[in-house]
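A.B. asks: Please see the structure below; I have some questions.
Rule-based calculations on the coordinates, nothing more; no lab input. Just so it is clear, the structure is predicted and the values come from calculations on it, not from any experiment. All Cβ positions, even for glycine, are placed from backbone atoms using ideal geometry, and neighbour counts span all protein chains on display.
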Amino acid sequence: MKNNAGKKLLRRLLAGVLAVCLTLGGAGSAFAISTNAVATCVMDVDSGRVLYSHNANKKRPIASITKIMTGLLACELSSEEDLEQVLTCSETANAEKGSSLYMEVGDKITLLSCIYGAMLRSGNDAAMLLAETIAGDEESFVALMNEKAQELGMENTLYGNPNGLEDEGNYSTAYDMCLLGCYAMQNELFAEIVGTTYIETKDGWKIENHNQLLSMDSRCIGIKTGYTSAAGRTLVSCFEDPDTGQRIVCCTLADSYDYQDHIAVYDWAFETYPTHTFCEAGDVVTTLTAGGTDYTLTAADTVSYPLTDAEAQKVYARMRLPQNSDVTIKEGDVVGRIVYYLDGERIGSTDLVYTPQTQEE
């Protein structure tokens, strides 16, 4: 459903504590936005472009958004058969404090239901049981968490436990959590789980999602809330534009008005930085003449990037084509490449492929 101007205005009014200011300047200036958070980062999922940041590299305790990594690893490291494995709640998992799936020692739950319990109910017991099941013990699982963080480029993140309970050795940044959120939402199973508002599992667990954004705004498709007294309210969310399919992730750390702030941020981001498509897979880009023959070159992939309207006017492309006019070209050959730039920075590229064109009758 399209969001009309009235709805957007209403959301901004409801988020009255959100500071929105107009930045005056040249032709490329646009509305800038801020939140009530100690740290904020907003990132386009497909391109990884940071659309807004404030203290984005400030290290902070992150509470239960820690479980994003726990849930992601559980999804990545489990086969379909593994997901049906029946787990038994341990004394260690049962002893975890705070938000819980309220499992008693000896209770049975499938691995899949346990992931739902960790991600929707934010069960600290469920997260610990996942860690023990996947890696054998908490320490070994935490090592896997930190290894994955380094793989994703989360340079200012250190995990100390699988659930985010207060621990001096468990911290991250808004930027790093956006990196993780963008990556995690590309995992189909993970995205399906965190986009679920309520589930009654096959093994009898009834689990409701704590993330109220899912019911507040239909554009929300995940991912995780968190809170401890040390971290304050932490939230990583992902919204998808229903018209264009553009997905954006936002992380706020220590934000008492996080739901309202996230909705207003997404209104601003989708309006200010819509995805611009430069070419689609199969589009004819150029024609190359070689050996007296004309070859039609098409884009191998779709290339797009989030841009302000002013930025879109400044994008330019450069093509790399063979200089040998006697080169032999066969159907399907990669013949060249087209690269798109903004202010001298490369923002996208695709191979150019020889694709014979059929003549219309």
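A.B. asks: Under a cut-off of 12 Å between alpha-carbon atoms, report the aspartates and glutamates in cross-link reach of LYS97, not counting same-chain residues fewer than 8 places apart.
C.D. replies: Partners found: ASP125, GLU166.
A.B. asks: If you don't mind, another one. Rounded, prolate or oblate for the stretch 36-153? Axes are the square roots of the Cα gyration tensor eigenvalues, ordered a ≥ b ≥ c, and the cut-off for rounded is a/c under 1.5.
C.D. replies: prolate
A.B. asks: Round to the nearest 10 and give me the degree value, 0 to 90, for the angle of helix 138-151's Cα axis relative to the longest principal axis of the chain.
C.D. replies: Computed tilt is about 20 degrees.
A.B. asks: Related question: Give me the extension gain from LEU77 to LEU158: residue separation times 0.36 nm, minus the current Cα-Cα distance, reported in nm with one decimal.
C.D. replies: Stretched fully, the LEU77-LEU158 segment lengthens by 27.1 nm.
A.B. asks: For the residue pair ALA143 and ASP333, what label-to-label distance in nm results when each label sits 7 Å from Cα along the Cα-to-beta-carbon direction?
C.D. replies: Modelled inter-label distance: 5.1 nm.
A.B. asks: So, one more: For semi-axes √(5λ) of the Cα gyration tensor in Å, one of (i) 48, 24, 15; (ii) 45, 21, 19; (iii) 42, 27, 18 was computed from the structure I shared and the rest are decoys. Which label?
C.D. replies: Looking at semi-axes √(5λ) of the Cα gyration tensor in Å for this model, the match is (iii).
A.B. asks: Another one. Over 19 Å between Cα atoms: which of LYS108/LYS202; LYS67/LYS108; LYS202/LYS224; LYS108/LYS206 fall into that group?
C.D. replies: LYS67/LYS108; LYS202/LYS224
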